[in-house]
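The structure appears right after this line, and notes come after that.
We did not get these values from a lab; they are worked out from the coordinates using the rules stated. What you see is a predicted model; the values in this text were computed from it and never measured. All Cβ positions, even for glycine, are placed from backbone atoms using ideal geometry, and neighbour counts span all protein chains on display.
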Amino acid sequence: MPLPCRPKRLLYSTDDRSSGRTLAMDWKDNGVKVVPGDQLDVNTAQTPGMSRAAAITYARVGAQKLWAGTVHIHPGAKTGAHHHGELESVIYVVRGRARMRWGERLEYVAEAGPGDFIYIPPFVPHQEINASSEEVLECMLVRSDNEAVVVNLDIAPVETPEAVAWVDPIHKAPPG
């Protein structure tokens, strides 16, 4: 017996309004996809200093509007400067300490640890750095399109970047 809060039409079919027909949907093949962590695709766009592996892509699961995968940066390593074109990116730090530099000359810096999220707007030149000399930095990455866009940049970074604290209407600037 179907649950009363679930519309049967949405669960079991797709309404083709142009023809007035109701088409059966194969939810087994067109539903949820689980990608095992040991079956990620390393054949994706790379940036020197890091290893990306794709989990969710159009080719792998049919994702239309996002890309998701993992990023590993070895102890003490850093990526080259790059951006991801029109895409927005979200990085979730699983293990380790991430140091992010960004700007025209990578003149800004902030750090993130396990459980922290990092947001990177479109076209922002940035660099990921493993702030630890002993532990691998492990992150999960999601982008706003299924394209693996990486534009590597040749930037002469400033020697001493300016630290930027996370400040928004709720989280005020730290004293000092």
Over the stretch 64-173, relative contact order from alpha-carbon pairs under 8 Å, at least 6 apart, %: 41
Here the residues of the stretch 121-141 lying in the modelled label zone of residue 166, meaning backbone nitrogen under 15 Å from a point 7 Å along Cα-to-Cβ, are 121, 140
Roughly what would the spin-label model give for residue 59 and residue 158, points 7 Å off Cα along C-beta, in nm? 3.9
How large is ³J(HN,Hα), in whole Hz, for each residue of the stretch 76-93 in order, when computed from phi with the Karplus curve 6.51 cos²θ - 1.76 cosθ + 1.60 and θ = phi - 60°, using x for Gly and Pro? x, 8, 9, 7, x, 5, 7, 9, 10, x, 6, 7, 8, 10, 10, 10, 10, 7
Assuming 0.36 nm per residue, please report the length gained on full extension of the stretch residue 142 to residue 86 beyond their Cα-Cα distance. 18.8 nm
Taking amide hydrogens as modeled 1.01 Å from N in the peptide plane, which residues meet the under 5 Å criterion relative to residue 108, leaving out close sequence neighbours? 102, 162
